[in-house]
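Worksheet: the structure to be examined is printed underneath.
The values are calculated or read from the model by the stated rules, or taken from the named source; none is laboratory data. None of these values were measured; they are calculated from a predicted model. Don't worry about glycine lacking a Cβ; one is built from the backbone with ideal geometry, like all the others, and counts go over all protein chains shown.
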Amino acid sequence: MGRDSSLARLTPHPAEARVVAREALAVTEEVRFRYGSGMAQRALGRAARAAGDREEAERWLQEALESFRAIGAPFEVARTRLDLALLAGAGSEAAAGQLGEARRTFAELGVPVYVERAERLAGELAAPAAPERSSGPSAR
């Protein structure tokens, strides 16, 4: 799926991506282009996730979700749900719920590529990540 936004691929540094996305958000809000605002909010969420700022990522992704809901953009709502699932992480009920909703929407919209994406991500996130093993001697 390319877990980072187009912005992040073009700007691989989260801090730089945040600056660009904030500028885009300011412009789109000034001209009241809600779709563009949702895209910028999602980019900010992705950049925050890439920077390890989980709280900020969730805030921006939720704002993007609400922007897309407000304008009736189900495809973008579902794409944002994929990001929220990634943020929630492996083995979480939140991830499973977001992925189920995203998959259902993609199926209703007839977008098989994204149905497959949601299913693939669901498989990747189905089990919790294995704990890291200690490289030292084991205690008995």
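Among the residues of the range 75-83, is there at least one that is closer than 20 Å to His13 by Cβ and either buried (at least 23 other Cβ atoms within 10 Å of the Cβ) or in contact (Cβ under 8 Å) with a residue 24 or more places away in the chain (or both)? Among the residues of the range 75-83, at least one is closer than 20 Å to His13 by Cβ and either buried (at least 23 other Cβ atoms within 10 Å of the Cβ) or in contact (Cβ under 8 Å) with a residue 24 or more places away in the chain (or both), which makes the answer yes.
Yes/no matrix, rows are residues, columns are (1) at pLDDT below 95; (2) in a helix (DSSP H, G or I); (3) of a type outside the set (Gly, Ala, Ser); (4) out of contact with any strand residue (DSSP E or B) (no Cβ under 6 Å at 6 or more places or on another chain):
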residue: Arg32; (1), (2), (3), (4): no, no, yes, yes
residue: Met39; (1), (2), (3), (4): no, yes, yes, yes
residue: Arg42; (1), (2), (3), (4): no, yes, yes, yes
residue: Leu61; (1), (2), (3), (4): no, yes, yes, yes
residue: Ala64; (1), (2), (3), (4): no, yes, no, yes
residue: Phe75; (1), (2), (3), (4): no, yes, yes, yes
residue: Gln98; (1), (2), (3), (4): no, yes, yes, yes
residue: Glu101; (1), (2), (3), (4): no, yes, yes, yes
